[in-house]
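Everything below concerns the one structure shown next.
The values are calculated or read from the model by the stated rules, or taken from the named source; none is laboratory data. A quick note: this is a predicted structure, and the numbers were derived from the prediction, not measured. Cβ placement follows ideal geometry from the backbone for every residue including glycine, while neighbour counts extend to all protein chains displayed. Areas reflect the complete protein model, heavy atoms only, side chains present, ligands, DNA and RNA absent. Shrake-Rupley method; radii C 1.70, N 1.55, O 1.52, S 1.80 Å.
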Amino acid sequence: MRPATEGFAELCATSNFTFLKGASHPEEMVERAAALGLPAIAIADVNSLAGVVRAHVRLRDLAKEAAGIVEAPKPKGVTSEDVRTRARQLSIRKDSSDRQERPDPPPLVPEDAFVPLSIPRLVVATRLVLTDTATDWIAIPTDRPAYARLCRLLTRGKRRAEKAKCLLEMKDLLEWGEGLLLIALPPDVLANDTDGIVKEIAAVAERFDGMAHLGAVPRYDVLDTERIDALARIAEESGAPMLATNAPLMHRAARRRMADVLTCLRTGTTIDRIGGNALTNAERRLKSAADMACLFAHHPEAIDRTVEMANRARFSLDDLSYEYPDEIVEGENPQARLERLAREGLVWRYPEGVPEPLAATVRRELALVGKLGFAPYFLTVHEVV
């Protein structure tokens, strides 16, 4: 398997954890990114980090399969030698200087089969939908403290709202956004007040110097060239560099029908009455670097910035580990508190004196608890009892 190539990283993918909008599982998104050879992908669901976990687990399994730690499942009728041959053909095709004259090798497996070209890196992200602005913000933590702040921000918004909803405002983002890479996704700039959009994005760019970007999403109509040029001007005026994204709702074009069914469920209509709410085409799918480079041919720097941003987002879910509550009360160390309670308990249980063998056992057990760091757990049990 060849290494991931520099080119385009999709940082605004939506999975089905954005209920009734995303038409693909997180696992399908990262598998497709691997098949396309993308160096990185971000699963950015609306006001949620739920889809990120499953994407992380699937990519970890793909890495094990690539390393031979576990055997990767092969498409039906395809041998390991077939896969290696296909990989060599693709490598020759990519590295060839006369690629214009060299035809693509024939498909090894059906279109919907999965043969990864590289293992992309997962970028942890969420799409913040705020109640006081029409601009959405992709938030990407750069380190563990930033991830903790992002989680607190989301918790804050969910506590304010009823179940399955989240209420966040721009002031919340400004308060909790330190350490977050931010991508603004404004409403259509050809149909809205651009002065207000510029002002809003500029305020965030000033508050978080060097961390804010403007996302450019094609709408696949005859106005995309004009639209992307307008976004480039807004980026220059606001001080938030433009960054390319397809904001995919599905991993493959075949999921368009599924996306339309989800729209019907969300809007309470039927498929024959969906009208203008239906996707006009299947272009809102995860795309390759070559496809995105064609869409942004006049703004190649917007493509380059996607990989630059992905490289800045070094936080991984592997950086997390479970941390038990410290059980510190009034500044007293958990181990010291446990030992004090044990001594008090011995005096209560043996008012006429603690037998030495028992006292020795308690000292030995407390020493073991201290060595293993389990004092907070025993204190929790004590409080429950």
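Annotations
- Helix axis angle, 50-67 relative to the chain longest principal axis, alpha carbon, degrees: 80 degrees
- Under a 5 Å amide H cut-off, with hydrogens placed 1.01 Å from N, L181 pairs with I140, T142 among residues at least 5 apart or on other chains.
- What the phi angles of the range 158-163 give under the Karplus curve with 6.51, -1.76 and 1.60, with θ = phi - 60°, is a coupling list of 6, 5, 7, 10, 6, 4 Hz, glycine and proline written as x.
- Along each principal axis, Cα extent of the range 228-330, largest first, Å: 64, 39, 27
- Built amide H within the under 5 Å cut-off of E10, gap 5+: A40, A42
- Remark on L128: its backbone amide H falls under 5 Å from those of N47, W137, I138, A139, a criterion applied only to residues 5 or more positions apart or on other chains, H modelled at 1.01 Å from N.
- Shape summary: the range 226-285 maps onto an equivalent ellipsoid whose semi-axes, from the alpha-carbon gyration tensor, are 31, 13, 10 Å in decreasing order.
- Prolate/oblate/rounded label for the range 132-261 (Cα gyration tensor, a/c 1.5): oblate
- Against the chain, whose longest principal axis comes from its Cα atoms, helix 194-207 is set at around 40 degrees.
- Cβ-defined net charge surrounding E327, 15 Å radius [Lys, Arg +1; Asp, Glu -1]: -4
- Among I140, I43, I197, the residue with the largest mean-square fluctuation in a Gaussian network model of the chain, with springs joining Cα atoms closer than 10 Å, is I197.
- Per residue, the range 263-329 exposes an accessible area of 61 Å² to a 1.4 Å probe, with every protein chain left in place.
- If both residues of a DSSP beta bridge must be in the chain, then about 40% of such bridges are antiparallel.
- Inter-centroid distance (Cα atoms) of the range 303-375 relative to the range 197-231, Å: 48 Å
- Of the GluC sites (Glu not before Pro) in the range 117-195, the ones in a loop by DSSP (not H, G, I, E or B) with at most 12 other beta carbons within 10 Å are E162.
- Nearest-ten-degree value, helix 26-36 long axis tilted from longest Cα axis of the chain: 50 degrees
- Neighbours of R363, meaning other residues whose beta-carbon lies under 12 angstrom from its beta-carbon, give a summed charge of -1 when Lys and Arg score +1 and Asp and Glu score -1.
- Semi-axes of the equivalent ellipsoid for the range 191-245, Cα gyration tensor, largest first, Å: 21, 12, 8
- Shown for the range 272-361: the carbon plus sulfur share of the solvent-accessible area, taken with all protein chains present and a 1.4 angstrom probe, equals 52%.
- Summarised as an ellipsoid, the range 280-369 has semi-axes of 66, 13, 12 Å, derived from the eigenvalues of the Cα gyration tensor scaled by 5 and square-rooted, with the largest first.
- Calculated P(r) of the chain - Cα pairs past 32 Å, %: 46 percent
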